[in-house]
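A.B. asks: Before anything else, here's the structure in question.
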Amino acid sequence: MTTNTESPVAEQLRTNLQQVFGFDGYREGQEDVVMRLVDGKSVLAIFPTGGGKSLCYQLPALVLDGLTLVISPLIALMKDQLDFLIAKGVPAARLDSTLTKEENFKLFDDLRAGHLKLLYISPERLGNERFLQTIKRQQISLLAIDEAHCISEWGHNFRPDYLKIAQLAVDLQVERVLALTATATPAVADDVRKAFQIADEDMVHTGFYRPNLKLSVVPCSAAERDQQLLTRMKKRPPGPAIVYVTLQKTAATVADFLSRNGLAATAYHAGLKTEDRTTIQDSFMASEEGIIVATIAFGMGVDKANIRYVYHYNMPKGMESYSQEIGRAGRDGKTSVCELFACADDVIALENFSYGDTPEAETVGAFTRHLLEAGETFDVSEYELSGRFDVRPLVVKTLCTYLELDGLITSTGPFYTEYKFNPQRPSAEIFARVSGERADFLKKIFRFAKKAKIWFTLDTTIISEAIGEPRDRIVAALNYLEEKGDLILQVAGVRQGYRRLRQPDDIDALVASLNERFQQREANDIARIQQVIAFAQHDGCLTQYLLAYFGEERDACGHCVRCKGVDLAPMAATIYPEIGEGEGQRIRGLINEGHDALVTPRQRARFLCGITSPATTRAKLRRHPLFGVCDSVPFAKVMTFVADLG
């Protein structure tokens with residue numbers, strides 16, 4: 001109910017809360033966030049998974065003038081949220097690759113006309129120059145950043161694209177920012193606030209405690225785990241359950257094991273076709289007893305209120321991941337069980353992936369020199385650099401971001417080298433609608449068009465140099481013609497533009513510092529894994545331990561397995577397999593095969609531990625019988641072994 005002291009805006013917000021969203025009142029923290037935003041403040045909201053973060057930007061979007069732009073890495077998973085908004089008459093849309101040509105045209109028409117109140121995009125969309133040209137002309141009243149912890153270099157899910165959002169918010173003259181996360185340690189929260197200039201007092205933290213989640217840890221060996229899982233699932237009342245595993249092949253084998261033993265379970269992972277994943281997810285959402293055995297590809301963006309059980313068949317890679325994944329249980333407030341199978345054998349696979357992601361010191365040096373010697377202005381393809389230096393695209397983005405943060409280069413923005421167009425009207429008719437210099441300008445552009453069967457191709461960089469006009473003007477002209485229906489555009493060949501600001505005083509010292517950063521990230525990742533082990537071996541309240549990791553102090557919960565009096569059972573010690581003489585001979589044979597993708601010790605160690613790289617993928621070496629042969633051996637041991645082979 002409204003009170004006499006509420007302002008007209010507060011009354012309108014409460015009316016919308018009830019009539020549009022169907023809620024009688026705010027949940028904890030929501031009103032605080034919403035009112036700060038309406039007052040023009042930027043806010044960091046730290047809510048637990050399932051805590052109602054999306055309402056914090058959807059509700060103010062209805063009363064603010066202009067557009068609310070929502071950036072989320074889960075854009076493809078927000079269909080249900082958007083369908084709800086549209087059904088309630090809220091002009092909202094998402095921009096992603098699933099849109100048809102007609103849907104894309106309508107979205108941009110609505111955007112340019114100012115008809116949209118909410119637009120959802122992925123962080124990568126900010127690298128699309130056509131989108132940026134359009135969005136720069138809009139009034140952005142609110143920029144909402146979901147999964148905002150990704151901006152922190154020392155967070156558990158650092159994404160270089162996120163680091164650029166803060167500067168973009170300034171460039172777009174965003175009126176206020178809402179940063180949202182469910183997994184921020186105090187240090188990560190500080191990073192987010194500093195990036196977006198959010199005042200200390202404008203951080204709204206509701207706490208991570210969920211009294212209906214019953215945490216449990218079951219130490220077991222790999223050989224015991226299947227039976228332990230089956231026994232627990234059969235003795236409990238049926239209910240929707242997620243079983244989290246690390247590897248795709250594990251998802252398939254565990255789902256098959258449960259199904260053969262009378263529990264209808266389905267595997268879900270990123271290796272399945274999109275339509276199969278959609279079918280599996282839709283079936284689970286509608287089920288009262290469904291069991292999904294999934295990699296972390298499942299769960300993000302899924303809002304199923306009655307998940308009764310979350311099992312971690314494999315150890316999670318960090319407390320942040322664990323918190324996020326158990327947070328999918330019991331959103332209806334009813335009791336839900338979250339059980340972690342603590343198997344020391346999992347640690348090797350988790351650590352190996354962390355070690356395998358770290359680039360070689362020589363690679364970092366060669367990459368850095370390549371960029372800094374590319375000229376005063378230059379452009380690069382992240383895909384080409386990834387292949388050239390045999391590092392994942394994320395490493396390429398991270399290295400470029402580090403050089404930007406160190407003030408050595410600055411981004412001039414992404415662009416497409418190739419534009420294809422399909423004329424919808426004769427060129428004479430197009431030119432007739434403009435006059436004078438503009439008509440001459442268009443004619444100059446089209447003289448460079450190369451015709452194929454249906455599409456004409458334009459290289460905008462070459463045209464810009466040839467006619468002495470800014471490339472931005474050429475792109476703007478093409479976008480204008482598409483808006484008018486004169487042609488249909490397609491783009492290809494995305495490249496990132498940069499300008500070199502200065503040369504480092506000491507290139508060797510720079511390379512050393514970059515390598516140190518990667519080593520520190522690796523160390524942080526390993527420390528997160530060790531933190532999960534410490535949690536699994538903690539002899540006190542598990543809930544209290546989890547909350548303390550996120551900086552929250554609370555008394556013992558009274559309902560976790562430790563508080564219920566179940567004594568701690570130690571994790572079994574892991575016996576690492578040695579690389580036997582037989583495997584050694586086969587590995588020597590692999591080296592003698594002379595693969596270009598397997599030259600350095602780290603390349604060979606990654607391959608033997610089952611970690612792909614651009615070079616091994618290009619060479620189709622994943623099918624090689626020795627791929628992953630050492631996936632149970634510590635990465636450092638494998639590195640030492642192959643280095644000794646020469």
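A.B. asks: If I ask for residues that are in a helix (DSSP H, G or I) and touching a Cys at 6+ places or on another chain (Cβ under 8 Å), which ones from the range 338-349 would you list? Working first, answer last.
C.D. replies: Going through the range 338-349, the residues in a helix (DSSP H, G or I) turn out to be 345-349.
Residues satisfying the conditions do not exist here.
A.B. asks: Taking the conditions exactly as written (under 25 Å from the mean Cα position of the chain (by Cα) and either assigned to a strand (DSSP E or B) or outside the structural domain of LEU542 (by TED's automatic domain parsing) (or both)), does VAL310 satisfy them or not? Walk me through how you get there before you give the answer.
C.D. replies: On the way: under 25 Å from the mean Cα position of the chain (by Cα): yes; either assigned to a strand (DSSP E or B) or outside the structural domain of LEU542 (by TED's automatic domain parsing) (or both): yes.
In short, yes.
A.B. asks: Mind checking which residues of the range 24-55 are among the hydrophobic types (A, V, I, L, M, F, W, C) and part of a helix (DSSP H, G or I)? Break it down stepwise before answering.
C.D. replies: First pass over the range 24-55, keeping only residues among the hydrophobic types (A, V, I, L, M, F, W, C): 33-35, 37-38, 43-47, 55.
Of everything in the range 24-55, those that are among the hydrophobic types (A, V, I, L, M, F, W, C) and part of a helix (DSSP H, G or I) turn out to be VAL33, VAL34, MET35, LEU37, VAL38, LEU55.
A.B. asks: Now, a different point. Based on what the data block shows, is ALA195 under 26 Å from the mean Cα position of the chain (by Cα), more than 28 Å from ARG331 (Cβ to Cβ) and buried (at least 17 other Cβ atoms within 10 Å of the Cβ)?
C.D. replies: In short, yes.
A.B. asks: Restricting to the range 18-69, and then to whatever is free of Cβ contacts under 8 Å to residues at least 12 places away in the same chain and among the polar types (S, T, N, Q), can you tell me which residue is surrounded by the fewest Cβ atoms within 10 Å (Cβ to Cβ)?
C.D. replies: For the range 18-69, the residue satisfying everything is GLN19.
A.B. asks: Sticking with this one: For the range 216-245, what are the residues that are under 30 Å from LEU178 (Cβ atoms) and touching a Cys at 6+ places or on another chain (Cβ under 9 Å)?
C.D. replies: Step one: of the range 216-245, the residues under 30 Å from LEU178 (Cβ atoms) are 242, 244.
None - no residue of the range 216-245 is under 30 Å from LEU178 (Cβ atoms) and touching a Cys at 6+ places or on another chain (Cβ under 9 Å), so the list stays empty.
A.B. asks: Given the structure, is GLN30 more than 24 Å from GLN138 (Cβ to Cβ) and touching a Phe, Trp or Tyr at 6+ places or on another chain (Cβ under 9 Å)?
C.D. replies: On the way: more than 24 Å from GLN138 (Cβ to Cβ): yes; touching a Phe, Trp or Tyr at 6+ places or on another chain (Cβ under 9 Å): yes.
Yes: the conditions hold for GLN30.
A.B. asks: Moving on to the next point. Could you tell me how many of the residues in the range 280-293 are farther than 18 Å from GLN248 by Cα, surrounded by 12 or more Cβ atoms within 10 Å (Cβ to Cβ) and either among the β-branched types (Val, Ile, Thr) or out of contact with any Asp or Glu (no Cβ under 9 Å at 6 or more places or on another chain) (or both)? Even if it seems obvious, please write down each step before you answer.
C.D. replies: Residues of the range 280-293 farther than 18 Å from GLN248 by Cα: 282-290.
Adding the requirement that they be surrounded by 12 or more Cβ atoms within 10 Å (Cβ to Cβ) leaves 283-285, 287, 289-290.
Still in the list and also either among the β-branched types (Val, Ile, Thr) or out of contact with any Asp or Glu (no Cβ under 9 Å at 6 or more places or on another chain) (or both): 283-284, 287, 289-290.
Residues flagged as farther than 18 Å from GLN248 by Cα, surrounded by 12 or more Cβ atoms within 10 Å (Cβ to Cβ) and either among the β-branched types (Val, Ile, Thr) or out of contact with any Asp or Glu (no Cβ under 9 Å at 6 or more places or on another chain) (or both) within the range 280-293 amount to 5.
A.B. asks: Among the listed residues VAL188, VAL243, which satisfies the condition of being closer than 30 Å to GLU153 by Cα, within 25 Å of the chain's Cα centre (by Cα) and at pLDDT 95 or above? Give the steps one after another, and end with the answer.
C.D. replies: Values: VAL188 fails: at pLDDT 95 or above.
Only one candidate qualifies: VAL243.
A.B. asks: Look at THR68 and say whether it is of a type in the set (Ser, Thr, Tyr) and in contact with a Gly (Cβ under 7 Å, 6 or more places away or on another chain). Break it down stepwise before answering.
C.D. replies: Details: of a type in the set (Ser, Thr, Tyr): yes; in contact with a Gly (Cβ under 7 Å, 6 or more places away or on another chain): no.
When the stated conditions are applied, THR68 does not pass them.
A.B. asks: Just checking, does the range 131-150 include any residue being within 24 Å of SER411 (Cβ to Cβ), acidic (Asp, Glu), in contact (Cβ under 8 Å) with a residue 40 or more places away in the chain and surrounded by fewer than 19 Cβ atoms within 10 Å (Cβ to Cβ)? Break it down into steps so the answer makes sense when it comes.
C.D. replies: Restricting attention to the range 131-150, the residues satisfying the condition of being within 24 Å of SER411 (Cβ to Cβ) are 131-138, 140, 143-150.
Keeping just the survivors that are acidic (Asp, Glu) gives 146-147.
Filter once more, keeping what is in contact (Cβ under 8 Å) with a residue 40 or more places away in the chain: 146-147.
From what's left, surrounded by fewer than 19 Cβ atoms within 10 Å (Cβ to Cβ): none.
No, the conditions are met nowhere in the range 131-150.
A.B. asks: If you take just the helices (runs of 4 or more DSSP H) that sit entirely in the range 565-644, which of them hold at least 3 residues that are of a type in the set (Lys, Arg) and more than 33 Å from the chain's Cα centre (by Cα)? Quick ask: steps written out before the conclusion?
C.D. replies: Values: elements: 581-592, 601-608, 614-618.
Ranges flagged: none.
A.B. asks: In this structure, does GLU384 turn out to be in contact with a strand residue (DSSP E or B) (Cβ under 6 Å, 6 or more places away or on another chain), surrounded by fewer than 14 Cβ atoms within 10 Å (Cβ to Cβ), on the phi < 0 side of the Ramachandran plot and charged (D, E, K, R)?
C.D. replies: Numbers: in contact with a strand residue (DSSP E or B) (Cβ under 6 Å, 6 or more places away or on another chain): no; surrounded by fewer than 14 Cβ atoms within 10 Å (Cβ to Cβ): yes; on the phi < 0 side of the Ramachandran plot: yes; charged (D, E, K, R): yes.
When the stated conditions are applied, GLU384 does not pass them.
A.B. asks: A further question on this structure: Within the range 242-294, which residues are more than 16 Å from TYR309 (Cβ to Cβ) and touching a strand residue (DSSP E or B) at 6+ places or on another chain (Cβ under 6 Å)?
C.D. replies: ALA251, ALA252, SER259, ALA267, ILE280
A.B. asks: Please give the number of the condition ASP256 fails out of (1) touching a Lys or Arg at 6+ places or on another chain (Cβ under 8 Å); (2) surrounded by fewer than 16 Cβ atoms within 10 Å (Cβ to Cβ); (3) of a type outside the set (A, V, I, L, M, F, W, C).
C.D. replies: (1)
Conditions (1) in contact (Cβ under 8 Å) with a residue 60 or more places away in the chain; (2) farther than 24 Å from GLU224 by Cβ, marked per residue:
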| site | (1), (2) |
| --- | --- |
| THR278 | no, yes |
| PHE284 | no, yes |
| ILE296 | no, no |
| MET315 | yes, no |
| MET319 | yes, yes |
| ALA329 | yes, no |
| LYS334 | yes, yes |
| ALA342 | yes, no |
| ILE348 | yes, no |
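A.B. asks: Inside the range 528-546, can you point out the residues that are of a type outside the set (Val, Ile, Thr), over 24 Å from the mean Cα position of the chain (by Cα) and not in a loop (DSSP other than H, G, I, E, B)?
C.D. replies: If we filter the range 528-546 for residues that are of a type outside the set (Val, Ile, Thr), which is where we start, we get 528, 530-531, 534-542, 544-546.
The next check asks that each one be over 24 Å from the mean Cα position of the chain (by Cα); those that pass are 534-542, 544-545.
Selection gives ALA534, PHE535, ALA536, LEU542, GLN544, TYR545.
A.B. asks: Confirm whether ARG210 is buried (at least 18 other Cβ atoms within 10 Å of the Cβ), farther than 30 Å from ALA265 by Cα and charged (D, E, K, R).
C.D. replies: Values: buried (at least 18 other Cβ atoms within 10 Å of the Cβ): yes; farther than 30 Å from ALA265 by Cα: no; charged (D, E, K, R): yes.
The answer is no for ARG210.
A.B. asks: Identify all residues within the range 277-324 that are at pLDDT 90 or above and among the acidic types (Asp, Glu); write none if there are none.
C.D. replies: Within the range 277-324, GLU288, GLU289, GLU320 qualify.
A.B. asks: Among the numbered criteria (1) within 20 Å of the chain's Cα centre (by Cα); (2) loosely packed, with under 14 Cβ neighbours inside 10 Å, which single criterion is violated by ALA113?
C.D. replies: (1)
A.B. asks: Further question on the same structure: So, in the range 509-542, of the ones that are more than 22 Å from GLU153 (Cα to Cα) and in contact with a Pro (Cβ under 9 Å, 6 or more places away or on another chain), which residue ends up surrounded by the most Cβ atoms within 10 Å (Cβ to Cβ)?
C.D. replies: Residues of the range 509-542 that are more than 22 Å from GLU153 (Cα to Cα), as a first pass: 533-542.
Retained after the next criterion (residues that are in contact with a Pro (Cβ under 9 Å, 6 or more places away or on another chain)): 536-537.
Numbers: ALA536: 22, GLN537: 14.
Checking each candidate, the answer is ALA536.
The values are calculated or read from the model by the stated rules, or taken from the named source; none is laboratory data. These numbers were taken from a predicted model, which means no experiment stands behind them. Cβ sites come from the backbone with ideal geometry, for glycine too, and all protein chains shown count toward neighbours.
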